[in-house]
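Below you'll find the structure, written out as structure tokens, and then a few comments.
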Amino acid sequence: MREWGEDLSVNIAEIDEQHRKIFKDINTLLTAMKGGRTSASLRPQFDALLAFAGEHFRTEELLMKKFDYPGFIMHRHDHQNITRQAKELHDQSDIGKEPLSEGILSFLSNWLVGHITKTDKEYSKYLNDRGIT
């Protein structure tokens, strides 16, 4: 389990808070699974996590668009890709092909860390330089 840490801060309070919540929600689901909860019983929490991630992406994209971030299109493309992948995993678990698993949650957590440390850090410097904190 990866916890959110200051090394993942983008120095924008609203975004950092959203990232903390996503990590907390992923870790809560992982802990519940390790404690024996079934994927079916965790479905509402997983659905809520995916919905919140979508809200988070919209928040980032609105900020980038508002300040004409030059990497906006590529960043939005990254969001669209992970959203598509998460939806596919979600749909497969719904029809029983792939149960909600620690592997799926680890995949999402690892993607999140990579996304923050690479692409989010790029837009954060751009926005921080324009007074957004």
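A few points about this structure:
- When Lys97, Lys125 are screened for being at pLDDT below 85, over 12 Å from the mean Cα position of the chain (by Cα), basic (Lys, Arg) and over 25 Å from Asn27 (Cβ atoms), only Lys97 passes.
- Of the helices (runs of 4 or more DSSP H) lying entirely inside region 29-116, not one is found with 2 or more residues being surrounded by fewer than 11 Cβ atoms within 10 Å (Cβ to Cβ) and touching a Gly at 6+ places or on another chain (Cβ under 9 Å).
The values are calculated or read from the model by the stated rules, or taken from the named source; none is laboratory data. Since the structure is predicted, the reported quantities are computational estimates derived from the model, not experimental observations. Reconstructed Cβ throughout: ideal geometry from the backbone, glycine too, with neighbour counts over all protein chains shown.
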